[in-house]
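The values are calculated or read from the model by the stated rules, or taken from the named source; none is laboratory data. Worth saying up front: this structure is predicted, and the values here are computed from it rather than measured. Glycine gets a Cβ as well: all are built from the backbone with ideal geometry, and neighbour counts include every protein chain shown.
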Amino acid sequence: MIGGLQLHLSRRELNALAIVLFLAVAPHFFNLSIWIGLFFAATVALRLVLNRQKNPFPGRWLVFLLMLIGLVNLFIQYPIPLFRSAAVALLVSMLGLKLLEVRRRRDLYVAVFLGYFTLITQFLYRQDMLLAGYALLVVLALTAILVETSRHSPSRSLLSPLWQSFSLLGQAIPVMIILFLFFPRLSGPLWNLGLGEQSGVTGLSDKIRPGSISQLSQSKEVAFRAHFQDPIPPPQQRYWRGPVFWDSDGVEWDLGAELQPRALSLSIGEQQINYSVILEPTNQKWLFALDLPDRLPPRTRVTPEFELVRDDPITQRISYQISSRPVYNTGEIADDEWIRGLALPDNITPRMQQLVADWKKQSSNTAGIVDQALAYFRQQPFYYTLLPPLLGQNPADQFLFESRRGFCEHYATSFTLLMRIAGIPARVVTGYQGGEVNPMGDYLIVRQSDAHAWTEVWLEGQGWVRVDPTAAVAPERIERTFDFDLTGDTIGTPIDFNLQESDFIKSIARQLRWGADALNTGWHRWVLGYTHDRQSQLMQLLGMGFLKGRYLAIGMVVFTTLVMLGIGIYLWRNGQEKIDPIKAAYLRFCRKLARRGIVRQPAEGPRDFALRVNQARPDLQQQTDQITRLYIALRYGRVDAPEKRQKLQRLVRGFRV
Amino acid sequence: MDNALERLIEQAGTIILGKQPVIRLAITCLLARGHLLIEDVPGVGKTTLAHLLARLLGLDYKRIQFTSDLLPADIIGVSVYQREEGRFHFHPGPIFTQLLLADEINRATPKAQSALLEAMEEKQVTAEGETRKLPEPFFVIATQNPAHQIGTFPLPESQLDRFLMRISLGYPDARSERALLAGRDPRELLDEMEPCITPVQLQALQKQVDQVHVADALLDYCQMLLSFSRSNPRFNHGLSPRAGLALLRNAKAWALLDGRFQVLPEDVQAVLPATVSHRLHSSEDTAVDEGENLAHFLLSAVPIP
C-alpha cells in the first residue's frame, strides 16, 4: 500500500476535501477572531481556484509565504499563545495551509484526520445538540472521503461512498454507546481549558445598583431549568432565592460580611416541593431554590439568610436535586441580623423620614406600616419600566419623590430603606421570579429576564417575611411571564403587559421554541448531564459500584483487553481450523526461517522457497530438503499416512536455524 | 520414458539456443493435447521451433503459409471431378497431417482463420457434406506477428481461446546469439535430427498426463486464482472455467515433464502466464497487450493456500 499512499490526488478528491474541511471548520468562525476565519476561508478558496488550473499544486515559495502570513495573522490576533482559542486558531490556520500542501493520498489522510480533530475542538466552545448533529454529519463526509480515496477507481455516484461511510459509522454506534456509558468521567470539566478566559456569562452579581437588574432583564439567555416532581407551583410562589443584600452606602447594595453559622429556630409546614434544577454556568457560587430550601444538594451549604452557597464557582452546567418548603416561619431574629437589618446609609433625606413618620402616625403595628408602604407605591404614580431614567447620588430619594419610574431593584431597595427608617429590620433578596412553563417536557425555563429583587422584612411572630413592592406597582410582573419588546421604547416608558397571543405565527414560533428547548434540555439532562456522579450511580445499579474513578479506568482497560483477546483467539482458532496439521507444520517451519530473515512470500511455492533457503543457508540444506519433500508428498501427493505426517511434525520441531 | 523426454528437450536446445523454458512450455502444450500459438516478431525462430518439434516427435508435418488471399479450400482440400471415374474425388488439403504449422495465422482473412480453428476444436473437417476425421495425434502450431504490425487480422477472443498456450520466443541472449552466429545453419541441422520418441510413445505420455495427481490443496489454489481474476478490478473480465481447465491440464503436463506425478503450486505458476496471458484483458483501455503483466500480477497477488 506504500504505492497507494504516494498516488497523486485527483481534482475531484481535492475539491471534496476542501469543501468538507471548510464545513468542519465553519462553526469556529463564530468562536475565533474573524481574521483567522478569513485566512482559512482564503486558503480554501485558493485551493478551489488552483484545482481549476493546469497544475493544481502551488509552489513551495507561495506556501511558505502563506505560512508567514498565517503566523503573523495568528500572532496579531492571539499574542499570548496560551489559551484555548489561540491553540484552536493555530490548528485552523495550519489546517488551511495543509490543504494547499496536499498532493498525495498520504497528505489527504493527514488532512482528514486533522479535520476530525478540528471538529472535536468545536466542543470546547459549545456542547449543544445542534453542534453534535452537525459534527456527526461532517464526520460522515470526512469518512466518505477516506472511503472514496481508498478505492481503486472513482465511484460514479457520490452517494456510494456516503452510504458506505454511513454503514461504517452505524457499526460504530454500539462502541460509541459503551464508551459513552463506561469511559471514566472526569469529575472536573474535561474541556475547561479556558484558563483566564471568562466567557461573557450574564447573571446576578454580588452588587446591585439601580439599573443592574433591568440590564440583565434584556437578556433572553436561560438562567436555569427546573423539572418538578410535584406540580409546578403557581407564579406567585415562584420566587427563586439568590444572594441576599444587607449593606448599602446609599447608592450601591452589597452582600456585606457573611453571617456566622448559627442554630436556627425554624418551623416549617407540611407541604414540600421536590424538583431538580439544571443551572447554566454563572461563575458565581450561588444555587437557586424556591423559598425556603430544605434538602441540600452535595457540596453546598446554607447560610443563615438561606442562601445556597456551593464550594466552588459554577463554571459549567450543573444539575442538582433539591426540595423546598413554601410554608415556613424563621422565628426569632439574631442580634447581628437586627443590627444589620436596621443600618441606614448617610444620605437619608428628611422627606423620606417624613414619609415614614406619617405612616407611623397612622398605624400602631409593624404589619400596618408595611401595608401603608405598599399602598403608597400602589397609589402614587409609580411606573414599572425597563428603561428607568438615570438617577444621581441619592437614587432612593430621587426615585421615591421625583422620577417614580423604576425596575424591581428600585422598588426593592427603596422599600427596604423605608422599612429600616420605620425601625423594621429589612433586607434585599435577589434571584429570579416566575419562569416559563414548557408544556413539552413539562418543566420551567427561567431566563435572565426573570431576574428579580424583592424585600424581606422581619415581623414579630412571623419571622422574615417576603414583601414584593414590585407586585404592588405591577402585579402582572409576578403573575405572568415577562415578555417584552424594547424596540422603539424611550426611557421611562411603562412596560405594556398587554401581550395577546392573537398572533398565530408568534404562537407557532413559541411552540417551536418550546420544542427545541425541550429537546435541548433532554440533551443536557441525559447526554451532557451524564457526569461522574451519574456514572457512579449507573455502576452502583449494575452492581459494580466498586469500579470508581481510577478503578473504572483500569476495569475498562482490562475489559477491553479481554474482549480483544477473546476476539483474537476466536479468529485465530477459526483460521487455524482451516489449516490442516500438515500445513500447520510447514508454516511453523516457515516461521522459524522467517525469524532468521528468510521470509516466504505468500505466493511462493514450497520448492521455490526451498531453493531460496538452500542458497541463503547451505548448512540447512539437508533438513530443508527433507521437510520440503515430505510436505510436498503429503500435501500435493497421494501419500496420506499418519506416520509420515508425524515425521514431518517431528522434523519441523527439531528444526533449528 | 522420462529419458526420452529429457533427450527431446536437450536435442531441441541444440537448435534453438538459450530458450529452454520456452521449449519446455511448447512440449508441455503438446503433452496436454493442446494447440500452441507462438507470437513474436519475424525471424526469431518460430518456424524453426515448430519444424523441430515435428521432427523430434517423429510426426507427419505440413505447413501452411497464411496470406490474405488464402481460402478455406486451400486448408481443408477440394473435390475435383474425375472424368475417368465419372465422380468427384476429394483431394485432402494440408490440414490432414499430424502436426500442422500455420504460419502467420493473422495475415489471413477471418474466413480462412475460422476454417482452421473449427478443425482444431473438433479434430475433424466437413467438406462437401462429408465429415472426415483428422489423423491422431493432431496438433496445430500457429505463429502470428504482434497485432500492431501492418496487414494483420487479429484473432477474435473466442478463437484465441482455442489455443491452450500462447508463448513468445523473444530475442536470444548475447551468448546464445553469438553461438548461433558461429554455428551451422539451423536448417541443415534440423534435417539431420532423428526423432526422439515415436507417435505411439507420445500418445502414451499424453495418457499419463491424465493420471498426474492433483491434490485438494492445489485445486483450492487454482480456484483462488480464477476467482481473484474475476473479482479484482484490474481485470476487464475474469478467467473462464475453460481457462481453468486449461491451466490445470498444462500444470499436469508440466509436472510430468518434470518427472513428477503430482502437481505443485510451482507447476501452476510456471504454466500460468503462457496459459492465461492471451485470455486476459486489462480494465484500463490500453493499446498495449497487458496480458503478460496481468498474469504476473495475478500470481503475485494470490497467496498459496
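Observations
- Residue within the range B:242-250 that is within 14 Å of chain A (Cβ to nearest Cβ) and surrounded by 15 or more Cβ atoms within 10 Å (Cβ to Cβ) present: yes
- Conditions (1) more than 14 Å from chain A (Cβ to nearest Cβ); (2) surrounded by fewer than 22 Cβ atoms within 10 Å (Cβ to Cβ); (3) of a type in the set (A, V, I, L, M): number failed by B:Ala253: (2)
- Number of residues in the range B:46-70 that are more than 21 Å from B:Ala119 (Cβ to Cβ) and either crowded, with 21+ Cβ neighbours inside 10 Å or touching a strand residue (DSSP E or B) at 6+ places or on another chain (Cβ under 6 Å) (or both): the value is 4.
- In the range A:1-60, the qualifying residues are those that are outside any loop (DSSP other than H, G, I, E, B) and touching a strand residue (DSSP E or B) at 6+ places or on another chain (Cβ under 9 Å), and the one that is modelled with the lowest pLDDT is A:Leu5.
- Unique match (being within 15 Å of A:Val457 (Cβ to Cβ), in the same structural domain as A:Pro475 (by TED's automatic domain parsing), in contact (Cβ under 8 Å) with a residue 12 or more places away in the chain and surrounded by 16 or more Cβ atoms within 10 Å (Cβ to Cβ)) among A:Leu387, A:Leu391, A:Leu342: A:Leu342
Yes/no per residue for (1) of a type in the set (D, E, K, R); (2) within 24 Å of A:Phe228 (Cβ to Cβ); (3) assigned by TED's automatic domain parsing to the domain that holds A:Pro298:
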site	(1), (2), (3)
A:Val527	no, yes, no
A:Thr531	no, yes, no
A:Arg534	yes, yes, no
A:Gln537	no, yes, no
A:Gln540	no, no, no
A:Gly545	no, no, no
A:Ile554	no, no, no
A:Thr560	no, no, no
A:Gly568	no, no, no
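- Residue match in the range B:155-166 (condition: touching a His at 6+ places or on another chain (Cβ under 7 Å) and within 14 Å of chain A (Cβ to nearest Cβ)): no
- Any hit, the range A:302-312, residues being surrounded by fewer than 17 Cβ atoms within 10 Å (Cβ to Cβ) and among the acidic types (Asp, Glu): yes
- Taking the range B:256-266 as the range and being under 22 Å from A:Gln601 (Cβ atoms) and either surrounded by 24 or more Cβ atoms within 10 Å (Cβ to Cβ) or away from every other protein chain (no Cβ under 13 Å) (or both) as the test, the residues that pass are B:Val263, B:Leu264, B:Pro265.
- The set of residues from the range B:109-155 being within 13 Å of B:Phe66 (Cα to Cα) and in a strand (DSSP E or B) comprises B:Ile141, B:Ala142, B:Thr143, B:Gln144.
- Residue within the range B:174-190 that is within 20 Å of B:Glu39 (Cα to Cα), surrounded by 16 or more Cβ atoms within 10 Å (Cβ to Cβ), modelled with pLDDT of 80 or more and touching a Leu at 6+ places or on another chain (Cβ under 7 Å) present: no
- Looking only at residues in the range A:93-150 that are over 22 Å from the mean Cα position of the chain (by Cα) and among the hydroxyl-bearing types (Ser, Thr, Tyr), the one that is surrounded by the most Cβ atoms within 10 Å (Cβ to Cβ) is A:Ser93.
- Test: residue in the range B:283-296 that is surrounded by 17 or more Cβ atoms within 10 Å (Cβ to Cβ) and over 27 Å from B:Pro154 (Cα atoms): no
- Cβ pairs under 8 Å, 6+ apart, first in the range B:293-305 and over 15 Å from B:Leu239 (Cβ atoms) and within 7 Å of chain A (Cβ to nearest Cβ), second in a helix (DSSP H, G or I) and hydroxyl-bearing (Ser, Thr, Tyr): B:Ile304/B:Tyr221
- Listed by position, the strands (runs of 3 or more DSSP E) contained in the range B:14-86 that have at least 2 residues being farther than 26 Å from B:Gly244 by Cα are B:61-65, B:77-82.
- Residue match in the range B:124-140 (condition: exposed (fewer than 15 other Cβ atoms within 10 Å of the Cβ), of a type outside the set (A, V, I, L, M, F, W, C), within 21 Å of B:Thr152 (Cα to Cα) and in the same structural domain as B:Gln65 (by TED's automatic domain parsing)): no
- Filter pass, B:Leu280 being more than 12 Å from every other protein chain (Cβ to nearest Cβ), farther than 20 Å from A:Tyr636 by Cβ and crowded, with 22+ Cβ neighbours inside 10 Å: yes
- Strands (runs of 3 or more DSSP E) completely within the range A:225-332 that count 1 or more residues being hydroxyl-bearing (Ser, Thr, Tyr), in the same structural domain as A:Val465 (by TED's automatic domain parsing) and within 30 Å of A:Glu476 (Cα to Cα): A:239-245, A:273-279, A:318-324
To keep it simple, each residue is scored yes or no on (1) in contact (Cβ under 8 Å) with a residue 60 or more places away in the chain; (2) within 14 Å of another protein chain (Cβ to nearest Cβ); (3) part of a loop (DSSP other than H, G, I, E, B).
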residue	(1), (2), (3)
B:Glu188	no, no, no
B:Pro195	yes, no, yes
B:Leu202	yes, no, no
B:Tyr221	yes, yes, no
B:Val268	no, yes, no
B:Leu272	no, yes, no
B:Thr275	yes, no, no
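- Wholly enclosed helices (runs of 4 or more DSSP H) of the range A:540-657 bearing at least 3 residues within 14 Å of another protein chain (Cβ to nearest Cβ) and aliphatic (A, V, I, L, M): A:581-594, A:621-636
- Of the residues making up the range A:10-32, just one is more than 20 Å from A:Leu137 (Cβ to Cβ), in contact with a Lys or Arg (Cβ under 9 Å, 6 or more places away or on another chain) and surrounded by fewer than 21 Cβ atoms within 10 Å (Cβ to Cβ), namely A:Arg11.
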